[in-house]
Amino acid sequence: MNEKLMFKNHIREARKEKKLSQGELAEMVGVSRQTISSIETGLFHPTAKLALILCIALDQKFEDMFYFEEID
């Protein structure tokens, strides 16, 4: 895998679009609010299972929520 790629997501944007707080989303998917915060800021990468659960909760496609961005 290219070491110049960073795994990123659009969780925050999708959550705000649904008018959900981090705590509300966390409760929906069975994790802590801190976990949602860490995922949104890129400090934690969700497992495949959690990523899919987040997509379902936010009514989004996986490929629209998670992506790689090239870094310098």
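The values are calculated or read from the model by the stated rules, or taken from the named source; none is laboratory data. Just so it is clear, the model here is predicted, and its values are computed rather than measured. Heads up, the Cβs are rebuilt from the backbone with ideal geometry, glycines too, and the neighbour counts pull from every protein chain shown. All accessible areas refer to the heavy atoms of the entire protein, side chains included, with ligands and DNA or RNA removed. Shrake-Rupley method; radii C 1.70, N 1.55, O 1.52, S 1.80 Å.
Can you name every residue in the range 29-41 that is surrounded by fewer than 12 Cβ atoms within 10 Å (Cβ to Cβ) and under 13 Å from ALA51 (Cα atoms)?
GLY30, the sole residue that qualifies.
For the range 17-28, state whether one or more residues are within 21 Å of GLU69 (Cα to Cα), touching a residue at least 12 places away in the same chain (Cβ under 8 Å), under 11 Å from the mean Cα position of the chain (by Cα) and surrounded by 15 or more Cβ atoms within 10 Å (Cβ to Cβ).
No, that holds for no residue.
From the list PHE66, PHE44, which one is surrounded by fewer than 18 Cβ atoms within 10 Å (Cβ to Cβ) and of a type in the set (Phe, Trp, Tyr)?
Testing whether each residue is surrounded by fewer than 18 Cβ atoms within 10 Å (Cβ to Cβ) and of a type in the set (Phe, Trp, Tyr) leaves just PHE44.
Kindly list, by first and then second residue, each pair from a residue in the range 53-72 that is closer than 13 Å to ARG15 by Cα to a residue that is in a loop (DSSP other than H, G, I, E, B) and open to solvent by 100 Å² or more (accessible area, probe 1.4 Å), limited to pairs with Cβ atoms under 8 Å and residues at least 6 apart or on different chains.
CYS55/LYS61
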